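Below is one structure, written out as structure tokens, with a few remarks after it.
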Amino acid sequence: MSRRGRLGFVVACLLVFALLAAFITWSTSSTGPSGKTPATVTLAPGATRPAGLDVTDLDGIEQLQARFNADKGVPRLVLALAPT
């Protein structure tokens, strides 16, 4: 594949990612999809909490599973980051 082809592919991927991120941002509210549970947000140390968001620390896989299953039938996204 030529250099121009690779560059076009990378630009197309970034555009799709940006559109997906914008769609997710504009389509979500400050509560979970069903309105039953607040959105879970983890903040960086020293960051200020946005109004209307609750930060929840999960102590085990059972809590994550319960939160995930609370909105059965609704699309969900789980992002797990590890410092390793």
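The values are calculated or read from the model by the stated rules, or taken from the named source; none is laboratory data. These figures come from a predicted structure and were not determined experimentally. Side chains are part of the model used for accessible areas, which takes the heavy atoms of the whole protein and leaves out ligands, DNA and RNA. Shrake-Rupley method; radii C 1.70, N 1.55, O 1.52, S 1.80 Å.
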**Item:** Unmet criterion (only one of (1) open to solvent by 100 Å² or more (accessible area, probe 1.4 Å); (2) at pLDDT 70 or above) for Gly73
**Value:** (1)
**Message:** Tell me whether the stretch 27-46 contains one or more residues that are modelled with pLDDT of 70 or more and open to solvent by less than 60 Å² (accessible area, probe 1.4 Å).
**Reply:** no
**Item:** Verdict on Phe68 being hydrophobic (A, V, I, L, M, F, W, C), modelled with pLDDT of 75 or more, open to solvent by 80 Å² or more (accessible area, probe 1.4 Å) and part of a helix (DSSP H, G or I)
**Value:** no
